[in-house]
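Enquirer: One structure coming up, written as structure tokens, with questions to follow.
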Amino acid sequence: MAPAPAPAPAPTPPLRGPKRRHAISKRMVILFSASVSCVVVLLLSSLFIFHSPKPPISVSPLFHGTPKIAFLFLVRRNLPLDFLWDAFFQNVDVSRFSIYVHSSPGIVLDESTTRSYFFYGRQITNSIQVLWGESSMIQAERLLLAAALEDPANQRFVLLSDSCVPLYNFSYVYNYVMVSPRSFVDSFLDAKEGRYNPKMSPKIPREKWRKGSQWIMVVRKHAEVIVDDDVIFSVFKKYCKRRPPIDTSKGKLNLKLQKQHNCIPDEHYVQTLLAMHDLEGELERRTLTYTLWNQSATKMENKGWHPMTFSYSTAGPQRIKEIKGINHVYYETEYRTEWCLTNSTSVPCFLFARKFSKGAAMRLLSQEVVNDFDVSALLATPP
């Protein structure tokens, strides 16, 4: 007799009460955990995309390659502090800088006129004779900028005098100016009467008149604005002129001459030009070059402020430390305190300083401010 078939298993009764609620809770925990994991992944992806480190160097969008700083030296004849700059440029990748020198016409920089091979042949060929307080000064600046703009790798342009010294090594200077998309141009309202000539209006309205240090650092866009300008420069040539010195032998004519506007072009041109182009919002409105001004003669009728020259004795470590410790500048005509920033980061205000004698520059080298350097090498007869 065939065995009877096994009875079919009874259907599992539906979960009820606490057991059912426990199963549902378990499934909800699994689903919730999966959702949280997805959200976390999305958040991490978002953070990686939007908060990954930005490129440290700001350059023109059309340029690809290693950007350069163009060092523009505006000098009388030669470079008395070339030995210091030679130490500054030593062991630096030559693809990161270029040098241009405006000197008196006919000066050739070679082994007979400079100690440093970095300056060999770096004079521009279309230089002009420059007179202080005349429009020839700003014309020379424009010639330097025009020469430097021919190299598309030049993305920053630093104007320096023959008495300027670096306060830091090349790497620090390079990173300082390259991370900022702004130009560094000392610019403030000129509250004193006598500099602005009403005949400049309407091409240069009074409210756009600015004053500041001629020692600028500009980005390529602003360098192009300066070089391409014809209108504002022509107004400066015509109406911004230095008042002639007092000559008592001219009698009444001397009194008439002293009523002229005493306009110093290099203290106004770049600042006013960029204000005219509504570019002040793209500036750090301060200079990178420190100058110690002698204010003892400010109340004397026929004298003004004059930059002090640092000597060996006054260029000691404590003085240099004080200069490098300055972190803000106050502009009393605008009641403005300019805190020194680069790319929104607080930094020392100055990368360079003037005016330094040869002895002062030698002391900087001996203190290794710029680089290791054997000061005894300077005891040889200069070229």
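The values are calculated or read from the model by the stated rules, or taken from the named source; none is laboratory data. Since the model is a prediction, treat every value here as computed from it, not as a measurement. Neighbour counts are summed over all protein chains in view; Cβ atoms, including those assigned to glycine, are modelled from backbone coordinates with ideal geometry.
Residue-wise test of (1) modelled with pLDDT of 95 or more; (2) of a type in the set (Gly, Ala, Ser); (3) in contact with a Phe, Trp or Tyr (Cβ under 8 Å, 6 or more places away or on another chain).
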{"site": "345", "(1), (2), (3)": "no, no, no"}
{"site": "356", "(1), (2), (3)": "yes, no, yes"}
{"site": "363", "(1), (2), (3)": "no, no, yes"}
{"site": "374", "(1), (2), (3)": "no, no, no"}
{"site": "378", "(1), (2), (3)": "no, no, yes"}
{"site": "383", "(1), (2), (3)": "no, no, no"}
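Enquirer: Select from region 149-186 the residues that are in a loop (DSSP other than H, G, I, E, B), closer than 19 Å to residue 340 by Cα, aliphatic (A, V, I, L, M) and touching a Phe, Trp or Tyr at 6+ places or on another chain (Cβ under 9 Å) and list them in ascending order.
Expert: Correct list: 167 only.
Enquirer: Additional query: Among the residues of region 267-290 satisfying the criterion of being under 17 Å from residue 178 (Cα atoms) and of a type outside the set (D, E, K, R), which is surrounded by the fewest Cβ atoms within 10 Å (Cβ to Cβ)?
Expert: So the residue we want is 283.
Enquirer: Can I ask one more? Is it the case that residue 204 is modelled with pLDDT of 95 or more, part of a loop (DSSP other than H, G, I, E, B) and buried (at least 17 other Cβ atoms within 10 Å of the Cβ)? If you could, list the steps in order and put the result at the bottom.
Expert: Details: modelled with pLDDT of 95 or more: yes; part of a loop (DSSP other than H, G, I, E, B): yes; buried (at least 17 other Cβ atoms within 10 Å of the Cβ): yes.
In short, yes.
Enquirer: How many residues are among the charged types (D, E, K, R), surrounded by 20 or more Cβ atoms within 10 Å (Cβ to Cβ) and closer than 22 Å to residue 231 by Cβ if we restrict to region 124-183?
Expert: Of the residues in that region, 1 qualify.
Enquirer: For region 74-97, indicate whether the set of residues that are outside any loop (DSSP other than H, G, I, E, B), of a type in the set (S, T, N, Q) and either touching a strand residue (DSSP E or B) at 6+ places or on another chain (Cβ under 6 Å) or modelled with pLDDT under 95 (or both) is non-empty.
Expert: No, region 74-97 contains no residue that is outside any loop (DSSP other than H, G, I, E, B), of a type in the set (S, T, N, Q) and either touching a strand residue (DSSP E or B) at 6+ places or on another chain (Cβ under 6 Å) or modelled with pLDDT under 95 (or both).
Enquirer: Could you list, in sequence order, all residues of region 114-148 that are closer than 12 Å to residue 269 by Cβ and either assigned to a loop (DSSP other than H, G, I, E, B) or at pLDDT below 95 (or both)?
Expert: 134, 135
Enquirer: Additional query: Return the residue satisfying two criteria in turn: it lies in region 82-115 and is crowded, with 20+ Cβ neighbours inside 10 Å and of a type in the set (Asp, Glu), and of such residues it is farthest from residue 162 (Cα to Cα).
Expert: Across region 82-115, the extreme among qualifying residues is 86.
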